[in-house]
Amino acid sequence: MRRHAGQPLARIAGAVVLLCALNGCELFEAETDVRAASGSSAAPPVETLRARQTALKRQLAMQAPGGTYIVVDTARNRLYVKRRGETLLTALASTGSGTILDKPGDAGGGQWVFDTPRGEFAIQSKLVNPVWVKPDWAFLEEGLPVPKDRAERVESGILGEYALGFGKGYFIHGTLYKRLLGKNVTHGCIRLSDEDLRSVHRLASVGTPVMIY
Amino acid sequence: MRALGLALAGLALSVLSVSASTPPSPVDSQRLAELTRALEDEVKLAARPQVYLVFDPFDRAILVKSRGLELHRFPVLEWRGPDPHRLAGVFQLKARPPVSRPKAAPVDDPEQLAVIELKDMPSAYELHMDPGLLILIAPPASDHPVVWAFSQVREWWWRLLAVLHVGGRTSVPRIRVTLEEDAARSLAWSVTEQMPLLIGRTRES
C-alpha cells in the first residue's frame, strides 16, 4: 500500500522536475538567492549607502547637458529640442529609410546602409542656404554615372534654409518632400519642415548634444 | 481628562521616537546597496557619449538613456528569469535583431519608396548579451498567441541546447520579457550593436 501511495507522489515529482528542466527552475533559484540576500551582512551601513547614493545622483545629474539638447526618436520620426528636461520644440521629422545599396566594384560585398545613426552626437556646423554635394550613392541609386567633376555634384535649394551637421556627413536640414515628414525615407539625414528647421537653427549651437535612438 | 491627554500624547511621542529610531531592515539595506551599485554603474555609462539601456526588473521598465537622461521608457508587462539580485550588472548587446532590408531603387513617386518602418521590425526576438545573458522579447500571449508560442518554443530550444551542451553552449541566464507589440518593435528598432545594458534597481521602493 505504501508503495502505491508513493507512486503518484513520484509522478508528481517527476512532472515537476520535467517542467523545471523546460521552464528554468527560476522559482527555486530565486528562493535560494532571496534567502542569501536577506541574510547578507556584507552591505555597508545605511547612512554610508545614503551618502554614497546622494553623491552618485549628483554625479549623474552633472553628466546631463547643462543647456539645450536635441533628442531624435527615429522609430516615431520625432525631433525634440529640450533644456533641463523641459521640451522647447516637438517636430515631425523624416529619418533613415533603412534601405541598402551595393557599392559597385566592392569585392567584399560592401553596402551603403541608409540608417540614421543611433547614439550621442553634437552639432558640428550650422550652414545657411546649404547646397547638397551629392555623394556617389545618390547617382548610383538613380542609375546614373558618378561624375568626376565636383561641380556636377552640387545641387542647391533642396536642403532648405539651414543645415546643421552632426558628424560623418549627416545633417538636420529642410526638405522639398514635406508630405513625407513622419516617415522613414531619408538616406540617414534628419529632415524637418521649414518652420521647425528655423526653430532648431535658432535654439541649437555648435556643440549642442544630439541624442538619437 | 488632562492626565489622560498627557498620557496619550506621551504614548504618541514614544511611538514616534521608537519608529524614528527603528533600524532599517536587512531588506531595506539590500535595496539601498542595489540602488547604489546600479548608480555606480550608470555614472560610468553616462560619462561617455552614448545611448544605453537600463532594465529595472523591480520597476518593470526598460529605459533608453543617455547622459543619465531618460529618453524613452518601455513598460515591461511581465518578465521571468533568475533572481534579479543575481542579474545586476552591465552587459553589451552582441548584435541587433535581424531585419530584412530592401534595396534602394529610383522611384518616380517618393511615397512609393520601399523602406523599413516600425511595423517591419520583429516583435519576438532574442538579444544576446556579453557576458553571457539571453533576453527573449515577446508580445503578450493574449494579443499574439502564435508569436508568443513560437518564442516559447525558441526559449525551450535554447534551454535544450544548453542542457545538452551542443556547440559548447553552457547554460547562460535567460530572461523572458513581455512587452506590448509596439514597444517590442520599437526596442528592436532602437538597439545597436555593442549597446550597453545596465540591469539593476533604479528606485529605492
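Quick look at the values:
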read-out	value
Average beta carbon contacts from partner chains per residue of A:198-206, 10 Å cutoff	0
Total charge dipole magnitude, the range B:45-164, about the Cα centre, Cβ charges on Lys, Arg, Asp, Glu only, Debye to nearest 20	480 debye
For the range A:106-149 versus the range B:27-52, the gap between their alpha-carbon centres in whole angstrom	39 Å
Averaged over B:71-82, number of beta-carbon atoms from partner chains that fall within 10 Å	2
Residue list for the range A:116-143, given a label point 7 angstrom along the Cα-to-Cβ vector of A:VAL206 and an amide N cut-off under 17 Å	A:122-130
Long-range HN-HN contacts of B:ARG96 with modeled amide H, under 5 Å	B:GLU193
Shielding by other protein chains, A:110-117, mean Cβ within 10 Å	2
Order by protection proxy (mean Cβ within 10 Å, highest first), peptides A:151-158, B:30-37	B:30-37, A:151-158
The range B:192-202 - phi-based ³J(HN,Hα) in whole Hz, Karplus 6.51/-1.76/1.60, Gly and Pro as x	10, 4, 6, 5, x, 10, 9, 10, x, 7, 10
Cα centroid separation, the range B:112-144 to the range A:60-91 (Å)	26 Å
Sequence-distant aspartates and glutamates (8 or more away, or on other chains) whose Cα lies within less than 15 Å of A:LYS103	A:ASP136, A:GLU141, A:GLU142
Lysines with Cα under 28 Å of A:LYS126, excluding same-chain neighbours fewer than 8 positions away	A:LYS82, A:LYS134, A:LYS148, A:LYS168, A:LYS178, A:LYS183, B:LYS65
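Laboratory data are not the source of any read-out in this text; all were calculated from the coordinates shown. Keep in mind that what you see is a predicted model, and the values were worked out from it rather than measured. Note: ideal-geometry Cβ built from the backbone for every residue, glycine included; neighbour counts use all protein chains shown.
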